[in-house]
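> Let me give you the structure first, and then I'll get to my questions.
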Amino acid sequence: MRLTNRRHGSKIDLQMTSMIDCVFLLLIFFMVTSSFSRTERELDTGLATETKAAKAASDLAPIIVEVIRGDGGFVFKVGGRQLASREELTDVLRLIENKLDGAFVLAADDVAFLMASGAIQACKDAGFLKTTYAPTADAK
């Protein structure tokens, strides 16, 4: 018993036009969406090797500028020096060679905004690449 009715000698015709269109569409899609840039592992890191001078400069502690309560109001404190004006602070900070590590400005909660922002601006005027502001909870 035969379930199919098939004649001998008949050819099966396949329509190749639509398949060729699909192949070309896929080819164009992959050509357009592929990335021809270098892979990430081949890119240069951009990190320079450390020299002895750079290593010695990075071993220094970052500069800490504190805004504290002085005799006549708030003053700037850098190390053991107390400075009354922003101009004096800028002049002292310009003498410091370690500007790559940045500076930290510490101010208590009761410090006037003008004093804290003046310390940040003095660091920027002195040439520090980055300045970090850190409020302290206690007044000094």
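> All but one of (1) open to solvent by less than 90 Å² (accessible area, probe 1.4 Å); (2) over 28 Å from the mean Cα position of the chain (by Cα); (3) modelled with pLDDT of 85 or more hold for Ile64, so report the exception by its number.
Failed condition: (2).
> While we're on this one: For residues that are acidic (Asp, Glu) and under 17 Å from Lys130 (Cα atoms), scanning just region 93-110, find the one that is surrounded by the most Cβ atoms within 10 Å (Cβ to Cβ).
Only one residue fits best here, namely Asp101.
> In region 107-140, which residues are part of a helix (DSSP H, G or I), more than 14 Å from Val75 (Cβ to Cβ) and not charged (D, E, K, R)?
Of everything in region 107-140, those that are part of a helix (DSSP H, G or I), more than 14 Å from Val75 (Cβ to Cβ) and not charged (D, E, K, R) turn out to be Phe113, Ser117, Ile120, Gln121, Cys123, Ala126.
> Could you go through region 95-106 and let me know if any residue there is farther than 25 Å from Ala137 by Cβ, at pLDDT 85 or above and in a helix (DSSP H, G or I).
The answer is no, given that none of the residues of region 95-106 is farther than 25 Å from Ala137 by Cβ, at pLDDT 85 or above and in a helix (DSSP H, G or I).
> Any idea which of Thr90, Thr45 is open to solvent by less than 90 Å² (accessible area, probe 1.4 Å) and either modelled with pLDDT of 85 or more or not in a strand (DSSP E or B) (or both)?
Step by step, each of Thr90, Thr45 is checked, and only Thr90 is open to solvent by less than 90 Å² (accessible area, probe 1.4 Å) and either modelled with pLDDT of 85 or more or not in a strand (DSSP E or B) (or both).
The values are calculated or read from the model by the stated rules, or taken from the named source; none is laboratory data. Remember, predicted model here, so these are calculated numbers, not experimental data. Note that we place each Cβ from the backbone using ideal geometry, even for glycine, and neighbour counts take in every protein chain shown. For accessibility, only protein heavy atoms count, side chains too; no ligands or nucleic acids. Shrake-Rupley method; radii C 1.70, N 1.55, O 1.52, S 1.80 Å.
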